[in-house]
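Some notes on the structure that comes next.
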Amino acid sequence: MTFPVAVLELYPLFRWLSGVLESFGFSANTVLIISYAVLGVIMFSALSIIALFLVWWERKIAAHMQQRFGPMRHGWHGWYQTIMDAIKLLQKEDVRVASRDKIVYFWAPVICFVAAYLAYIVMPWGKNLIVADFNIGILYIMAVTTFTVIALLMAGWGSNNKYALLGGMRSAAQVVSYEIPMVASILTVILFVGSMSMVDIVTSQSGWIFNWFIFKLPFGPIAFVTYLIAATAEANRTPFDIPEAEQELVAGFNIEYSGMKFAMFFLAEFINMFTVSALAATLFLGGWNGWSFIPSWAWFLMKTFGVVFLMMLIRWTYPRLRVDQLMEFAWKFLVPVTFANLILAAVIKYAGWHW
Amino acid sequence: MEHQISSAFWVLSFVILTSAILLVSLKNVFHCALFMVLCLFSVAGIFILLDAEFLAAAQVLIYVGAVSILMIFAIMLTNNLTNRVIKQTNENGLVSLFVCLSFAVGAIMLISKTHSWNYRANELGHDNSLILGKYLMTEFMLPFEVISVLLLAAMIGAIALARKERS
């Protein structure tokens, strides 16, 4: 019996599942397909719970940084506030613009949502805890996340509203611009590992803490910082949140969306934040490597939530950039710095001045 | 497995051809651009079937992530193009049909005549992005650099055309 690739940590569950299914007389191929479906449901539920938690966490951190309490009413420190919000959004009337582009308007949140979840096929949650280890892993993540941009443009255009259109174009321009420094920072890691597989990237950082890529002096910290800046912009968060800018503008591409469609955009945004944080943890902070008395998935989650916490602190600390400053920062500062860093890393790798 | 691959190929080919025809025949330019995205994305699926994962990812990254988005931007920024149904007629329809057909026939003849290909994607082994990189840096260095210079020249040309002269 073959199981979904490399889910050894969940092996007992899938062995039990395939036993049950085979006793019902399903063929091995069907069992494999059902196993993958179950795995998909597990991932989907885990990510939805994480997204709901992140919304609550963000609100709590924002509140505490501004000397407030934040949500307090529902449960201990309002822990199920976001669950209630989700139920409220589900029940809300789906207000639609009469002159919308029906098909484009409908598919935009769907594509955004699906693109956010697709990245987790190659995400190494822990030792032997990955759905599929593609040999193009990291490139695959970069490729599927570009669909978010298409979804933003579709949302902006499908709403048939000039503010939504401008917002969509603003977001798309920002995401496309910051993708270049992001990929260039990631390339320094790929250059050293010599492979794009996520498992290879993590295992190459095993051993002691100074094998983590962030400690590869001098280019590792530079790559990490530029990656974090570009990732913050990719996730449309302050100081690069001019697409949203709820205090200054009438939001962005999502103003004509309400109810569950809005919730899909909202959840996709938080999933994207978790994705870029998980990538930072995997590429620069050693992924699931750590002392073995703590399980590997716990290390991964700890590092990822640490990066998420950092991004939330940044969000509520710095003022946002104006749109022209945003573009200038990307093209005139980040792109040259990341490319110079990449060349520096290549020279160091070629000369062998590293450990 | 062979059966599933061939059925996947037929589904992908159907999607590619349908979206390509819709791309040139729809009346709404934005919908055309979206069908171009679908068409190019399905081509990436064909690459996956041929074990060329790197090409598939590059296809999505470049064509879906960059080229299509630039075209959508151009559509949105052009006056009188958005929110308007434009008649898609081509006065030289017959000529272009002839050109397309002759190109298709020529390509099919050329492919069917070639019996031994130099490199097959599924013969290159699992990690074919490594081999691709090596070939780009050794044997196919010159064409690669020429294409890069051409792209750079096109980019500079576009900037020069788009830039308004300060009076």
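The values are calculated or read from the model by the stated rules, or taken from the named source; none is laboratory data. For clarity, every value in this text was computed on a predicted model and none was experimentally measured. A quick note on method: Cβ atoms are made from the backbone with ideal geometry, for glycine too, and the neighbour counts reach across all protein chains shown. When the accessible area is computed, the model is the full protein with side chains, heavy atoms only, and any ligands, DNA or RNA have been set aside. Shrake-Rupley method; radii C 1.70, N 1.55, O 1.52, S 1.80 Å.
Counted without the sites themselves, the longest stretch of chain B free of GluC sites (Glu not before Pro) in a DSSP loop having at most 14 other beta carbon atoms within 10 Å is B:1-90. Relative to the longest principal axis of the C-alpha atoms of chain B, give the angle of the C-alpha long axis of helix B:68-77, reported between 0 and 90° and rounded to the nearest 10°. On a 0 to 90 degree scale, this one is about 0. For A:ARG322, A:ARG237, the ranking by accessible surface with the largest value first comes to A:ARG322, A:ARG237, using a 1.4 Å probe. Summary of packing: across the peptides A:280-292, A:301-313, the per-residue average of other C-beta atoms within 10 Å ranks them, highest first, as A:280-292, A:301-313. Once all protein chains are placed together, B:PHE54 keeps about 60 Å² accessible to a 1.4 angstrom probe. Among the GluC sites (Glu not before Pro) in region A:181-280, those placed in a DSSP loop whose Cβ has at most 16 other Cβ atoms within 10 Å are A:GLU246, A:GLU248.
From the helices alone, meaning DSSP H stretches of at least four residues, give me the mean residue ellipticity at 222 nm for chain A, per-run term -39500 (n - 2.57), in deg cm²/dmol to the nearest 500. Rounded to the nearest 500, the figure is -21000 deg cm²/dmol.
For the set A:LYS60/A:LYS162; A:LYS162/B:LYS164; A:LYS162/A:LYS261; A:LYS60/A:LYS216, the pairs lying more than 23 angstrom apart at their alpha carbons are A:LYS60/A:LYS162; A:LYS162/B:LYS164; A:LYS60/A:LYS216. Kirkwood hydrodynamic radius of chain A, from the reciprocal of the average inverse Cα-Cα distance over all distinct pairs: 21.7 Å.
Summed over all non-identical Cα pairs, the Kirkwood treatment of region B:2-89 gives a radius of 13.9 Å. Proximity of backbone amide H atoms, modeled 1.01 Å from N, is registered between A:PHE253 and A:GLY168 at under 5 Å, excluding neighbours fewer than 5 places apart on the same chain.
Per-residue mean of foreign Cβ neighbours for A:96-105 is 1 (Cβ atoms of other chains, 10 Å radius).
Of the solvent-accessible surface of the protein assembly as shown, computed with a 1.4 Å probe and all protein chains present, 71% belongs to carbon and sulfur.
With a 10 Å cut-off around each Cβ of A:135-145, the average count of Cβ atoms from other chains is 5. Rolling a 1.4 Å probe over the protein heavy atoms leaves A:MET327 with an accessible area of roughly 50 Å².
Accessible-area rank, largest first, for A:THR238, B:THR138: B:THR138, A:THR238, with all protein chains present and a 1.4 angstrom probe.
Per residue of B:67-78, other chain Cβ atoms within 10 Å of the residue Cβ number 3 on average. Ignoring aspartates and glutamates fewer than eight residues from A:LYS102 along the same chain, the ones with Cα atoms less than 16 angstrom from its Cα are A:ASP94, A:GLU256. Legend: residues in region B:45-65 shielded by at least 30 square angstrom of accessible surface upon adding the remaining protein chains to the isolated chain (1.4 Å probe, heavy atoms) are B:GLU53, B:PHE54, B:ALA57, B:VAL60, B:LEU61, B:VAL64, B:GLY65.
Fraction of C-alpha pairs exceeding 10 angstrom in region B:127-167: 73 percent, rounded to a whole number.
Adding -39500 (n - 2.57) for every DSSP H run of four residues or longer, then dividing by how many residues chain B holds, sets the calculated 222 nm ellipticity at -23000 deg cm²/dmol.
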